[in-house]
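Below: one structure, written as structure tokens.
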Amino acid sequence: MIESTPRHSRIAGTGSALPPRRVDNVELAAELAERGIDTSDAWIVERTGIRARHFAAPEVNASDLAVQAARHALEAAGLQGSDIDLIVVATSTPDMTFPSTATIVQRKLGIVHGCPALDVQAVCSGFIYATTVADAMIRTGSARHALVIGAEVFSRILNFDDRTTCVLFGDGAGAVVLSASDTPGILATDLHADGRHLDILCTPGVVARGGVLGDPFLRMDGQAVFKLAVGVLESTARTVLEKAGRRETDIDWLVPHQANIRIMQSTARKLKLPMDKVIVTVDRHGNTSAASIPLAFDEAVRSGRIQRGDTVLLEGVGGGFTWGAVLLDF
Ligand code: UT7
């Protein structure tokens, strides 16, 4: 039971997980060449900044990566699974059509006291959405310690005959424990969606009538996504700063969704942030969709770059179209 309603939530610990198989551009290009698909390390690096990504083994699901990341986050927070009273998993590559990946994570972590567990589907903005949901539930007193996880096995939905998408994505998971606190913590959040743009980034296939109806692979109009992304990432950053009563100069670190280095450079330029204040992992992870922000955040915390007390702006954009930001004091 929670005695009084807390005013804030704050990050008590972070964790992440990457599958061991690392595939660099040269190896991927060689594999694609065997299928008659022409690409190169030079093209991928120049257009995206990606040099390598990790691919999960066939038997490894999003929940397996989520559980590894969650264990690290729990350890960093000094908490046990039994302390958790909310699990929110952001994923677009769930283990099953149903039940939710969050309930599978709950089972694998041995959390048996009946806390709520739910998935959030906002594609690459998923972790921003999931954090906002958990923050709201903590501030209303419905939860005290929430596990918020982004976990993906995008390699499962890539069409390796489509060079315009298959070189971009990778697998991984990141997690945070968000805990009730008398001090912030999360300063402000900002979420948006615009369903008019759903066709430019989608995986339209569904399980129905005993098979998959429609295309089971990711499709993207890269240029259309790029144009929309640079605009909305600037506007959500400005809005979340305004909501929190902070300025661009208050930002110690920007942890953006890791889709393309050129999008990150553009956002940094617009916010007048030098690139050495931007956490970049896209070169080593590729785009891990909902996992990319918590993965990058955890790496930066563990390497000592992001420190306690730093002001951090998280922001993401993805299919739907969805976008949003979280501003926090770590
Ligand atoms: O996570 C959700 C958010 N997603 C994103 O933010 C992705 C946003 N979009 C992008 O990052 C970029 O648009 C891409 C990286 C996807 C593509 O970069 P681009 O600079 O927009 O390239 P493009 O689509 O204009 O393609 C340029 C050329 C084309 O050839 P032609 O028509 O000029 O002859 C493509 O066919 O590059 C060709 N191309 C490739 N060449 C070698 C496309 N993919 C490849 C490839 N290897 N893998």
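Each reported figure results from applying straightforward, stated rules to the coordinates on display, with no laboratory input. What you are looking at is a predicted structure, and each value in this text was computed from that prediction instead of being measured. So basically every Cβ, Gly included, is an ideal-geometry build from the backbone, and we count neighbours across all protein chains shown.
Considering region 1-41, the residues that are without any contact (Cβ under 8 Å) to a residue 12 or more places away in the chain and assigned to a loop (DSSP other than H, G, I, E, B) include one that is farthest from Asp161 (Cα to Cα), namely Glu3.
For Ile251, are the conditions met, namely being under 26 Å from Ala66 (Cα atoms) and aliphatic (A, V, I, L, M)?
Working: under 26 Å from Ala66 (Cα atoms): no; aliphatic (A, V, I, L, M): yes.
Answer is no for this residue.
Scan region 29-36 and give yes if some residue there is more than 23 Å from Phe330 (Cα to Cα) and in contact with a Cys (Cβ under 8 Å, 6 or more places away or on another chain), otherwise no. Yes; the residues of region 29-36 include at least one that is more than 23 Å from Phe330 (Cα to Cα) and in contact with a Cys (Cβ under 8 Å, 6 or more places away or on another chain). The selection criterion, being touching a helix residue (DSSP H, G or I) at 6+ places or on another chain (Cβ under 8 Å), part of a loop (DSSP other than H, G, I, E, B) and surrounded by fewer than 23 Cβ atoms within 10 Å (Cβ to Cβ), does not hold for Ile50.
Right, Leu327: buried (at least 20 other Cβ atoms within 10 Å of the Cβ) and assigned to a helix (DSSP H, G or I) or not? Here the answer is no, as Leu327 does not meet what is asked.
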